[in-house]
1. In degrees between 0 and 90, to the nearest 10, how far off the longest principal axis of the chain does helix 122-136 point, with axes built from Cα atoms?
2. State to the nearest 20 debye the size of the charge dipole of the chain about its Cα centre, where the only charges are +1 on K and R beta carbons and -1 on D and E beta carbons.
3. How much area per residue is accessible in segment 1-105 when the probe is 1.4 Å and only protein heavy atoms are counted (Å²)?
4. What list of ³J(HN,Hα) couplings, whole Hz, do you get for segment 9-14 from phi and the Karplus terms 6.51, -1.76, 1.60, once you set θ to phi - 60° and write x for glycine and proline?
5. What figure, in Å² to the nearest 10, do you get for the accessible area of S94 with a 1.4 Å probe and non-protein molecules left out?
6. With a 10 Å cut-off between alpha carbons and a GNM built on the chain, which of V25, V34, V118 moves the most?
7. Using a probe of 1.4 angstrom, how much of the accessible area of segment 16-63 is carbon and sulfur, in percent?
8. Between the helical axis of 50-74 and the dominant principal axis of the chain, each derived from Cα atoms, what acute angle in degrees is found, rounded to the nearest 10?
Amino acid sequence: MTIRITRWSSDTCECVIEFSWDDSVPENERTGRVKNYINRCLAHESINSEADRFRTALEENQRKNKAHATILEKATTSSLYELDQQTNQRQLKSGITLSWEFSGSAPNRVMTLKYNGVELTEAQKNSFRTHLNNKFGAGKVKLA
Ligand SMILES: [Zn+2]
């Protein structure tokens, strides 16, 4: 058994964390233990315990990644995505970018996703909203 240290930083906030994990535990059962909270972002600094702050920052980051994956998976229009030539996985079409913002206060922040460079119809947006509400709970991820 070896305790390893990994540095994690988010693209949804400014938190930077070093956490330790045990490499004898299977990957899908690992839980990170905060070793050193290097940077606390403004949105998360009011959360008291480092473990809760890390959990919140990680959840928001994963929620963004999963919501984006859900939209790519459920898209029925090729105006949004193209297939990666190597992996054959859906990815955003060249020229389209994803941006996001949060509202409310942690740990209950609401995320709003925006796809720039494409005009989604209201019907397409409503279909995505239904999938997002089903996956994350009503109103946790909004679509601009
Ligand atoms: Zn943060």
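1. For helix 122-136, the angle is close to 30 degrees.
2. With Lys and Arg at +1 and Asp and Glu at -1, about 320 debye.
3. Values: 6780 Å² over 105 residues.
Here the residues of segment 1-105 average 65 Å² of exposed surface.
4. 10, 9, 9, 10, 7, 9
5. Counting only protein heavy atoms, S94 exposes about 100 Å² to solvent.
6. V25
7. 43
8. Compared with the principal axis, the helix lies near 20 degrees.
The values are calculated or read from the model by the stated rules, or taken from the named source; none is laboratory data. These figures come from a predicted structure and were not determined experimentally. Neighbour counts run over all protein chains shown; Cβ positions are idealised from the backbone, glycine included. Each accessible area value is taken on the protein alone, full model and side chains, heavy atoms only, with ligands, DNA and RNA left out. Shrake-Rupley method; radii C 1.70, N 1.55, O 1.52, S 1.80 Å.
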